[in-house]
Amino acid sequence: MERGFAGRMAVVTGGARGLGLAIARRLAAGGARLAIWDQDGAAAAAAAAELRGHAEVLDVTDAAAVEAALARSEAALGPCDILVANAGITGPNHRLEDYPIEAWRRVVEVDLVGVFLCCRAVLPGMRARDRGRIVTIASIAGKEGNPNASAYSAAKAGVIALTKSLGKELAETAIRVNCLAPAAVETDLFAQMSPEQIAWMKSKIPLGRFGLPEEIAEMAAFCASDAVSFTTGAVFDVSGGRAVY
Ligand SMILES: NC(=O)c1ccc[n+]([C@@H]2O[C@H](COP(=O)([O-])OP(=O)(O)OC[C@H]3O[C@@H](n4cnc5c(N)ncnc54)[C@H](O)[C@@H]3O)[C@@H](O)[C@H]2O)c1
């Protein structure tokens with residue numbers, strides 16, 4: 001078993017299921033201590049129990065809750081070395097002019113502001129220790145723009161730009177921040193989308209299938225590792241060939 005994360009403490013937001021859980025499992029297999037942050041308390045507790053980690057129940061859009069979760073996680077597991085900012089929602093699918101305003105705002109709040117708040121919380125400690133890896137989870141939608149998903153596409157484009165901006169801010173430190181842009185992976189997230197949207201997403205993937213959570217986790221683990229030293233503010237494609245840049 002590869003132990004590249006031995007002694008490392010990793011926070012995975014939205015780590016209770018789906019891609020976050022797969023990423024948490026991959027980091028734990030490498031020896032990391034895991035803090036699972038999720039709004040679903042029961043699922044977070046189950047994931048933390050499986051990984052012998054620490055669970056925090058929170059909404060990543062709540063700045064005070066994020067700060068408190070970090071303090072408790074670090075008290076339990078030690079200083080945060082790795083943040084995987086993964087928690088996200090797609091929101092419903094509507095044409096832009098039909099999109100409910102509050103639903104649009106909520107998607108941006110969770111998918112973009114939540115990433116900002118989690119990065120904001122861990123950065124002072126990472127800077128003080130001059131070490132750390134941040135992995136943000138965007139989406140191919142943030143590069144290409146998916147129809148009937150304007151909120152999600154805009155929020156994920158924001159995550160890509162946040163990552164690029166932060167990478168430059170941290171360039172004189174030993175902290176690296178990189179982003180993943182996955183195409184569709186069959187998780188509970190699909191329940192938020194229309195069947196037509198899901199079929200359209202699959203049709204756009206040249207490999208002709210959905211990704212697997214473990215395939216996303218492998219790229220996330222690479223970005224969380226010491227192997228990523230000369231790359232920061234970058235966006236890694238995990239899209240089965242869909243991305244063209
Ligand atoms: N599944 C895909 O096809 C796909 C493709 C590209 C990108 N992504 C991104 O990957 C990430 C994970 O997606 P997934 O497919 O695993 O989704 P999922 O719905 O299976 O899991 C998301 C987890 O995040 C948690 N969460 C949601 N909002 C939260 C909040 N405000 N505060 C705390 N926790 C919250 C949920 O409780 C859930 O456990 C998301 O950012 C998503 O946009 C997913």
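All of the numbers you see were taken from the coordinates with simple rules; none came from a lab. All figures in this text were calculated on a predicted structure; none of them were measured in a lab. All Cβ positions, even for glycine, are placed from backbone atoms using ideal geometry, and neighbour counts span all protein chains on display.
Most fluctuating residue of Val107, Val228, Val185 in a GNM of the chain with Cα springs under 10 Å: which is it? Looking only at Val107, Val228, Val185, the largest GNM fluctuation is found for Val228.
Grab the chain and count how many Lys pairs have their alpha-carbon atoms under 19 Å apart, sequence gap of 8 or more, or different chains.
On the way: Lys143/Lys156; Lys143/Lys164; Lys143/Lys202; Lys143/Lys204; Lys156/Lys164; Lys156/Lys168; Lys156/Lys202; Lys156/Lys204.
Count of close lysine pairs: 8.
Each of Ala64, Leu96, Asn178 was scored by the projection of its Cα onto the charge dipole of the chain, and the greatest displacement toward the positive side belongs to Asn178; charges sit on the C-beta of Lys, Arg, Asp and Glu. Put simply, when 73-85, 129-141 are sorted by average Cβ atoms within 10 angstrom per residue, most first, you get 129-141, 73-85. In a reduced charge model with +1 at each Lys and Arg Cβ and -1 at each Asp and Glu Cβ, the chain shows a dipole moment near 560 debye about its Cα centre. For Ile134, nonlocal amide neighbours, meaning residues 5 or more places apart or on other chains whose placed amide H falls under 5 Å from its own, are Leu83, Arg176, Val177, Asn178.
One Cα centroid belongs to region 65-84, the other to region 212-245; the line between them spans 24 Å.
In the chain, helical runs assigned H by DSSP with n ≥ 4 each contribute -39500 (n - 2.57); averaged across all residues and rounded to the nearest 500, the mean residue ellipticity at 222 nm is -13500 deg cm²/dmol. Fully extending the segment from Arg129 to Asp62 would add 21.6 nm, taking 0.36 nm per residue of separation and subtracting the current Cα-Cα distance. Panel values: region 60-99, Kirkwood radius from alpha carbon pairs, Stokes-Einstein at 4 °C and 1.567 mPa s, translational diffusion coefficient 100 µm²/s.
Computed across the chain, the Kirkwood radius stands at 17.7 Å (inverse of mean 1/r, all Cα pairs).
Expressed as a whole number of Å, what is the distance separating the alpha-carbon centroids of region 92-129 and region 1-42? Taking the Cα centre of each part, region 1-42 and region 92-129 sit 21 Å apart. Summarising the amide proton neighbourhood of Gly211: residues at separation of 5 or more, or on other chains, whose placed amide H is nearer than 5 Å comprise Ala184, Val185, Glu186. Peptides 207-217, 111-121, ordered by how many other C-beta atoms sit within 10 Å of their residues on average, highest first, read 111-121, 207-217.
Across the options Ala35, Ala157, Leu207, the greatest Cα extent toward the positive end of the charge dipole of the chain (unit charges at beta carbon of Lys, Arg, Asp, Glu) belongs to Leu207.
Here the Karplus relation 6.51 cos²θ - 1.76 cosθ + 1.60, evaluated at θ = phi - 60°, turns the backbone of region 227-238 into coupling constants of 4, 8, 10, 10, 10, 8, x, 9, 10, 9, 6, 9 Hz, with x for every Gly and Pro.
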